[in-house]
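Shown next, in structure tokens, is the structure this report addresses.
Laboratory data are not the source of any read-out in this text; all were calculated from the coordinates shown. It should be emphasised that the depicted structure is a prediction, and the values quoted were computed from it without experimental measurement. When we count neighbours, we look across all protein chains shown, and the Cβ atoms used for this are built from the backbone with ideal geometry, even at glycine.
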Amino acid sequence: MSEVRRVTLFVRGRVQGVGFRWWTRARALELGLVGHARNMVDGRVEVLAQGPADAVARLEELLREDPSTTRRPGHVESVVAQPGPLREDLASFVER
């Protein structure tokens, strides 16, 4: 069984108002992750993802991929990853 990991990804680019959070949620659920994707006031999207380490790594790959092979909406300029402690209060992956 894979190690469980949590990471917060800060995604910069044209990622608000284009379906990016919806797309992220769909990929996260396919990968069996819990967490959220939410718009930030500075134009970035915060993606908190927790689950098997390989699935978290795959979501990060999909967010960074250029060009996208999965029809990711918008345009990602950069992704900053910040690891964090596991959270017990996460039950699904939601858009906020």
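Tabulated data
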read-out	value
Matching residues in segment 12-48 - criterion: being assigned to a loop (DSSP other than H, G, I, E, B), touching a helix residue (DSSP H, G or I) at 6+ places or on another chain (Cβ under 9 Å) and more than 20 Å from D89 (Cβ to Cβ)	V15
Only one of A55, A49, A81 that is closer than 12 Å to T24 by Cβ and out of contact with any Phe, Trp or Tyr (no Cβ under 7 Å at 6 or more places or on another chain)	A49
Hits in segment 58-70 - residues which are outside any loop (DSSP other than H, G, I, E, B) and in contact with a strand residue (DSSP E or B) (Cβ under 8 Å, 6 or more places away or on another chain)	L59, E60, L63, R64
Residue check for R44: within 17 Å of A81 (Cβ to Cβ) and either out of contact with any Pro (no Cβ under 7 Å at 6 or more places or on another chain) or not small (G, A, S) (or both)	yes
In segment 30-59, the residues that are closer than 16 Å to E3 by Cα and under 9 Å from the mean Cα position of the chain (by Cα)	A49, V56, L59
Selection from segment 1-40 of residues that are in contact with a Leu (Cβ under 9 Å, 6 or more places away or on another chain) and at positive phi	G35
Yes/no for D54 being in a helix (DSSP H, G or I) and either at positive phi or of a type in the set (D, E) (or both)	yes
Matching residues in segment 48-96 - criterion: being of a type in the set (S, T, N, Q), surrounded by fewer than 16 Cβ atoms within 10 Å (Cβ to Cβ), touching a Lys or Arg at 6+ places or on another chain (Cβ under 8 Å) and farther than 14 Å from W22 by Cα	S78
Residue check for V34: among the β-branched types (V, I, T), in contact with a strand residue (DSSP E or B) (Cβ under 9 Å, 6 or more places away or on another chain) and surrounded by fewer than 15 Cβ atoms within 10 Å (Cβ to Cβ)	no
Members of segment 40-57 found to be acidic (D, E) and in contact with a strand residue (DSSP E or B) (Cβ under 7 Å, 6 or more places away or on another chain), listed by number	E46
